[in-house]
1. Taking neighbour counts of Cβ atoms within 10 Å as a proxy for exposure, in what order, fewest first, do A:ASP261, A:ASP173 appear?
2. Charges at C-beta only: +1 for Lys and Arg, -1 for Asp and Glu. How large is the resulting dipole of the stretch A:152-199 about its Cα centre, in Debye rounded to 20?
3. Please compute the length gained on full extension between C:MET260 and C:ARG243, using 0.36 nm multiplied by the number of residues separating them and subtracting their Cα-Cα distance.
4. For the stretch A:204-309, what is the relative contact order in percent, using Cα pairs closer than 8 Å and at least 6 residues apart in sequence?
5. Which percent, nearest 5, of DSSP beta bridges in chain C are antiparallel?
6. I need B:LEU91, B:LEU201 ordered by Cβ neighbour count within 10 Å, fewest first.
7. Label points 7 Å out from Cα along the Cβ direction at B:PHE156 and A:ASP181: separation in nm?
8. What number comes out for the charge environment of A:ASP106, summing +1 per Lys or Arg and -1 per Asp or Glu over other residues with Cβ under 15 Å away?
Amino acid sequence: MSRYKKPVAIYLVLLLLVIATGVTFAQKDRADIRIVVVSHGQASDPFWSVVKNGVDRAAQDMKVTVEYQAPQTFDMVAMSQLIDAAVASNPDGLVVSIPDADALGDSIKAAVAAGIPVISMNSGSDVAEELGVMVHVGQTEYEAGLGGGERMAAAGVKNALCVNQEVGNVALDLRCQGFTDAMTAAGATVEVLAVDLADPTDAQQRIAGALTANPDIDGILTLGPTGSAPAMAALEEGGMLGAIKLATFDLSPEVLAAIRDGNMLFAIDQQQYIQGYLPIVLLTLFNTNLNTIANDVLMTGPGFVTQATAAAVIELSAAGTR
Amino acid sequence: MAATASATKARDERLTESSLLKRLLSRPELGAAGGAILVWIFFAIIAPEGFLSLRGTASYLEVSSHLGILAVAVSLLMIGGEFDLSIGSMLGFAGVVMAILSTVLGVPLYLSSLIALALALGVGFVNGYMVNKTKLPSFIITLAGLFIIRGLTIAFMRLMTGRTQLGSLDSAPGYAVLRAIFGADITLAGVGFPISILWWLAFAGLATWLLLRTSVGNWIFGAGGAAAAARNVGVPVDRVKIGLFMLTAFAAWLVATIQIAVVKSADTKRGEGQEFISIIAVVIGGTLLTGGYGSAVGAILGALIFGMVRQGIVFAGVDADWFQVFMGAMLIIAVLVNNFIRRRAEEARR
Amino acid sequence: MTANGTPMIDVRDIHKFFGNVTALSGVSMNVHAGEVMCLLGDNGAGKSTLIKTLSGVHKPDKGEYYVEGKHVDFDSPRDALNHGIATVYQDLAMIPLMSISRNFFLGSEPTRGRWLFKRFDVKFADKVAREELKRMGIDIRDPSQPVGTLSGGERQSVAIARAVHFGAKVLILDEPTAALGVKQAGVVLRYIAQARARGIAVVFITHNPHHAYAVGDRFTILKRGQSFGTFTKEELSREEMVRMMSGADELDALTHELSMNNEQ
C-alpha cells in the first residue's frame, strides 16, 4: 500500500496546484456582498468585453465581489446550467442576459423563487417582467430598430437590407422587425439577410452576393460591429462605400471612424458599458438599502451617434468603455 | 501422506487467487474513482455552501448526466477500437429534425422524436458501414461526418424556417409527453433532480452489463484489442462495429431529446464540441485510445468529474474561462495517473 | 492414421495467382490424423499462401481440397473453423490486454440464461481455461490476468490449447517458434507432440530445421510456389533438409564460381 501513497500524493498536489492557480488568479477582495453575472456573451467578443469592463468597474467602485460567467459558445443548455449553479451558490444578487426565454426561463424563475434579486440586461426586455425580474437594464430592441428605420427612411433609403447574425435571437429579430416597420411605414422595403458572423469572410461574401442579386438596395443595417465590418468590406470591394447608406447597431473604433469619415450614416448605441455597470449598482443598493426601480425597463438606448458626435466618442471606444 | 499434504499446500500457494485489493487496483476505473473523490473533496472544502447543497449537487449531476450518456456510448466504441467525432453534430441534427417536424409540419413531438431516432440510427449504421468498407480510420470518416451532418442541420433548418433556432417547443403538440419522459424533475427535499440522471445511470448500467457480462461485450474487447485475431476466431467484428456506431448515434439522440424537453428549443449549434469532451471523459475514465481496454464505469466517473468541475468553478467564484485550462490539465494528469496505477497493479500480480 | 487411412486434409494440384504473380503452382499435400507435417521453405516459397488456402482465407484458383475425404470449398476462416480446421498465426493469436480466459473463449463464449438475460459465464470460463491449460502443462496462477503478462511461448501455447479445446481436428501453426528462445520453443514443441498424441493432424510451418526435425513425421518442402515433394524422416536426413530449404545447391554453385574467379 505504501507504494501507492506517493502517486496519490502527487496526484493530489498537482490537482490542487492547477486549480489553486486559477482560483488565486481570479480571486477578488472579499466583501460581504457577492453578485454573479451570467451572460451569453464571451469576453472575447468586442461588444461583450465592454459590458464586462462595466461590470468590473462597478465591482471596484461599489467594493463588492462580482463573478462573471458565460458559456464558451452560444449554448443555451450550458447557460441554463450556469444559472442553476449560480443560484445554488446562493449569491446576494444575480444579473443575467436573456437571449432565449424558453431555455432560461425555468432557471431564472428558480432564482426568483429562491429569494435572489435578479436583474436582466441586454436581451430579454419583453420577457423580463413576467419572469419576476426586478428590472431590465438595456435597450428595447423594437424601439431601437424603429428609430433606426425612421432615420434611414429620412435619409432617403428606399430598399434596405437588415443583416442578422443570430436569427432566432429574439432581441436581434426585434431589431430587424422595428426597422422593417418604420421603413414600411415610410414606403420603403426591407429584406432580412441571415449570416454567420463566426466566419466574417463568409458574411462578407454573403452580403456582396445579396447586393449583386438585388441592385436596387440602397441601404444596409447591420446589428453589431462584427456585422458592420464585413458589410463595409463588401461595399468597399464593390466600390459602393458611401453610395449605399450603411448604419449599424453598437459601437467600435472602426464604426466610429467610418461615421466620422462619412462612410456610415449613424450607429445605434445601446451603451453596453452601463448595461454592465448599472445592475451591479442597483443590486448593491438593494442589498444595503432596499432601493428599487419603478420602471420595468431602464432604457440605456437607443442613442444615435452621428458624424457630429463621432469624434468625441472615438477615444472612449478605444478605451473599451463605449 | 505428509509429503502429499505439503505438496498440495505448496501448489495451493502458487495458485492463490489475487487478493481483493490487487483485483481492485487492476481495474481500469481506479484512477478515475480516485480523481472523482479528490475533486469532490476539493470543492467541498473550497465552496461548501454551493457545492454541498442539494441544489448544487443537482446542478452538477445534471451536467454530468448529459455528458455521461454520450461518454458511456463513446467508451464502448473506443474500447471497440473506433472513434466517433460526429456525435456532437448528430445531437444538433436530431434536435433540429424533431423541432422542425413538430413546428412546421405539426407532428406530435414524441412521434417526431421517434423519426429522429430512426434517422440517427441510420446515420450510425452508415458510419459503421463506411468504416468497414473503406478501411479508412474512423477518425477520418466521422470527422467528415461532423461537418456533413452539421452542414445538413444548418441547411435544413434555414430551408424550412429561415432561422437558426426554434423556440417555444413547449407549445408544440405532444410536448407534455416528452417532458414527462425526458424532462421531468424528481423532487427530493424541495429540490428538483432532473430525470436525465436516471436515464444516464440506467444507460450506463446496461452498457456495463453488456460489456462485462455478455458475449457481445467480449467481442467488443476483441474487436478493439486485435480485430484480425478476433476475426480469426469467428467474432463478427464488422457487425460489432456497426452496432457500436449505432449506439453512439442513439446516445446523441437521447441527449438531444432530453435537452429539447428541458430547454424547449432546438438550435443549429447544439452539441458543438461534445465529441471531444466525451472523449476526454472516457479517457479520464481509464479507456485507452488504442482500443481493447477500458470501462463504461470509468466513463461515468469521467463525466462526473467533468460536471463537478464545470459547476464547481462557479461555486468557487472562478472565472468560467479557466474551465478549459482545468479540463486539459485534468486530462493529462488523469491519463498519467491511470497509466502509473495500471502498470504498478500489473507488476504486483506477477 | 484414421481407421481407413484417409488423410484428414488432402490438397491436390493447388494453384493460386495474385494478378501476374504465381504464388502456388501445382502443390499437393496431405496430412493424417495424429501426424505432424512440417511445411518448410525459404521466404517467398508460398508457405503462407498455402496455409491461408487451407484455412479458408484464400480460395484456390485451381486444384481440389478434401477434408476427411469430402470435397470442400471454404468461403471464410469461420467456415474452415466449423469444419475443424484451426489456424494459429504467429502474431495474431491473442489480445494482449484481455484476460487469459476471455481470450480463450473469444468467439465461443460460454453463456448462461436465455434471451436478453444471456450472461457470459465468467466463472465457468476461468475454471475451464485453467483446467485446459493445466492439462497441457501450463499452470497459470490467475486466469483473469491479461494475456500480455505471459511469455511468448506461453501465449502460443494458450492459442494452441484453445484450438485443441474447441475440437480442432486439424491444427495449422504458422511459425509458432520463430520469435522464441530455446526454452520457450521447447514448450511449444512439447505441445505439438501432445496435440499429435490426441489424434490431431498438425501442419507445422517453420524456418528452423532443428525444430522441424525434432517434432515432424513428414516434411513438405516448397520453393518458389512449387513443391519439392513430401519426405519422411527416413527419406530425408537433417543435413539434406537444410540444403533443400536454403537452396544450398545454388550456394554451392556460387561458391564454386567465386573461388574460380579468385584462382584466376
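No value in this document is a laboratory result; all are computed from the given coordinates. Just so you know, these numbers come straight off a predicted model, no measurement behind them. Note that each Cβ is placed from the backbone with ideal geometry, even for glycine, and that neighbours are counted across all protein chains shown.
1. Sorted ascending by nearby Cβ count, the order is A:ASP261, A:ASP173.
2. 280
3. 3.9 nm
4. Details: 135 pairs, mean separation 24.9, N = 106.
Dividing the mean separation by the residue count of the stretch A:204-309 yields 24 percent.
5. Approximately 55 percent, going by the DSSP bridge assignments.
6. Values: B:LEU91 29, B:LEU201 16.
Least to most surrounded, the residues fall as B:LEU201, B:LEU91.
7. 3.5
8. -3
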